[in-house]
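Note sheet for the following structure.
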Amino acid sequence: MKKTFKTVLCFLLASLFIISAVGCSSGGSSTEVKTGTTSSYAYLLDTSNLNKPTLDLSNPTGQLKTVLDSGVLRIATSPDYPPAEFVTADGTVYGSEMMLAKYVADCLGVDLKIETMDFSGTFVAVDTGKVDLGISGYGWKADRAESYELTTGYIGNDEDEGNNYHTLICAAGNETKYNSLESLVGAHIIAQASSLQQMYVEDQIIALDPNAGTELEMVATLDQAILALASGKCDAVALDGTTAAQYVKESDGAFAETGIKFDTAMYGDREGNVMCAKKGETAFVEVLNQIIDCAMENGYYKQFYDQAREQAVGVEGAEE
C-alpha cells in the first residue's frame, strides 16, 4: 500500500544510517569459493542459464590476479541511485548495477562482496585498494578517465529518455519559476559530491554569472538532498533523468520536474554508466569490458534495469 510522503521522509532518514551489510563473505578462503547460486549475493541474480564470454584467465596480473586468488570480487557502491543501486525495504542492496556486478563475479568464477558508502567514498575505496572496483552510477568524465581506468559504457534501456539526460527537480509549484538554466542563477542548488551533476551545475549555471550568489551545496547521498528539498532548505536538486522522474513520482505531489536538460554534448560523454578501477589496471578492465559487452549483446543489462526499476518503484511506493 502506498504510504504518505511523510513516511517517505522517515524512511529516508532511517536509510541514512544503513551502512553496509548483506551477507558478505571474507575473501581469503582457499578451501571454498562461493559463486553462482551459492554466492553471498545469490538473491541478486541466477546466471545459470545466461551466456558468459570465453575469458582467458590463465595468466592474470594485477587486480585481476588478486580477485581470482582471493575468490572474491569486492565492489564499492553508494546505494542511493535507483534503479542502479538502492536499499530495499528489508535492508538488502539491490539494483541493475548490483545485478551486473553479480554477473561479472559469476563470469570470473568468484564470490561477490558489496561495500556500501557515500559516493565520494567509492573513489577513495578504489584508490586505497579497499575494493577492486567501483560500481555506483558513474558517468564518463575526462578527469575520471585521467585518474582511473574506466570500462566501456552500459545502458539499461536506450529507448528510455531518462538514461540520456540530466535535470533538476524543485518543490511543486516552482516549476514555472525554475524552467531554464538561467532561472536558477542565484538559487540554492544541491548535487551529490563528485557527481556529474555537480559539474553540470558549476559549468552551466554558476558560470553564467559567477557573482550572482548561486549556492551549490554538495551532499554525500541523494537522500540528504531529497530531505533538504522536502524541508525547503534548497531550491532545486540536480539529478539524472530516471532518478529525477522517480523521486517526483513517489513524492505524492511534493516535487516537480523543471523540464530543464543540461547540455552533455559539450563534455563528449560516453553513453551510459561505467565501472571504475585503479589507474593502470588495464588488463582487469579489458576482461571487464568483455563481460560487459556480452551482457549488452545478449540484452541482459536491459533485463536487469527493467527488473530493478520495477523493484525500486515497489519499494518506494510501499515503504518510503
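Given the options Thr176, Thr122, Thr128, name the one that is at pLDDT 95 or above and in contact with a strand residue (DSSP E or B) (Cβ under 7 Å, 6 or more places away or on another chain). Spell out the reasoning first.
Details: Thr176 fails: in contact with a strand residue (DSSP E or B) (Cβ under 7 Å, 6 or more places away or on another chain); Thr128 fails: in contact with a strand residue (DSSP E or B) (Cβ under 7 Å, 6 or more places away or on another chain).
Just a single option satisfies the conditions, and that option is Thr122.
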Please go through segment 294-304 and give me each residue that is within 23 Å of Tyr165 (Cα to Cα) and outside any helix (DSSP H, G or I), ordered by number.
Gly299
Return only the number of the condition from (1) over 28 Å from Thr77 (Cα atoms); (2) under 19 Å from the mean Cα position of the chain (by Cα); (3) small (Gly, Ala, Ser) that Ala245 does not satisfy.
(1)
With respect to Ala171, determine if the residue is farther than 27 Å from Tyr43 by Cβ, at pLDDT 95 or above and among the hydrophobic types (A, V, I, L, M, F, W, C).
yes
When segment 204-231 is checked residue by residue, the ones that are touching a residue at least 24 places away in the same chain (Cβ under 8 Å), out of contact with any Phe, Trp or Tyr (no Cβ under 8 Å at 6 or more places or on another chain) and of a type in the set (Val, Ile, Thr) are Ile205, Thr214, Val219
Here is a list: Gly134, Gly139, Gly109, Gly121. Which entry is at positive phi and touching a residue at least 24 places away in the same chain (Cβ under 8 Å)?
Gly109
Within segment 186-200, can you find the residues that are touching a Phe, Trp or Tyr at 6+ places or on another chain (Cβ under 9 Å), surrounded by fewer than 22 Cβ atoms within 10 Å (Cβ to Cβ) and under 15 Å from Asp235 (Cα atoms)?
Ala187
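Residue by residue, here is whether (1) of a type in the set (Asp, Glu); (2) crowded, with 24+ Cβ neighbours inside 10 Å holds:
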residue	(1), (2)
Glu85	yes, yes
Thr88	no, no
Ala105	no, yes
Ile114	no, yes
Gly134	no, yes
Gly137	no, yes
Thr151	no, yes
Ile155	no, no
Tyr165	no, no
Those residues of segment 15-52 which are at pLDDT 95 or above and assigned to a helix (DSSP H, G or I) amount to Ala42, Tyr43, Leu44
Unique residue being more than 19 Å from Tyr81 (Cα to Cα) and of a type outside the set (A, V, I, L, M, F, W, C) when the list is Tyr247, Tyr305, Tyr267:
Tyr267
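Residues are listed down the side, and each one gets a yes or a no for (1) surrounded by fewer than 17 Cβ atoms within 10 Å (Cβ to Cβ); (2) under 30 Å from Ser48 (Cα atoms); (3) out of contact with any Phe, Trp or Tyr (no Cβ under 9 Å at 6 or more places or on another chain):
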residue	(1), (2), (3)
Cys234	no, no, yes
Val237	no, no, no
Ala244	no, no, no
Ser251	no, no, no
Ala254	no, no, no
Ile260	no, no, no
Gly272	no, yes, no
Thr282	yes, yes, yes
Lys302	no, yes, yes
If I filter segment 53-84 down to residues being modelled with pLDDT of 95 or more and acidic (Asp, Glu), which single residue comes out as nearest to Thr35 (Cα to Cα)?
Asp69
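The values are calculated or read from the model by the stated rules, or taken from the named source; none is laboratory data. Computed from a predicted model, the values in this text were never measured in an experiment. Glycine gets a Cβ as well: all are built from the backbone with ideal geometry, and neighbour counts include every protein chain shown.
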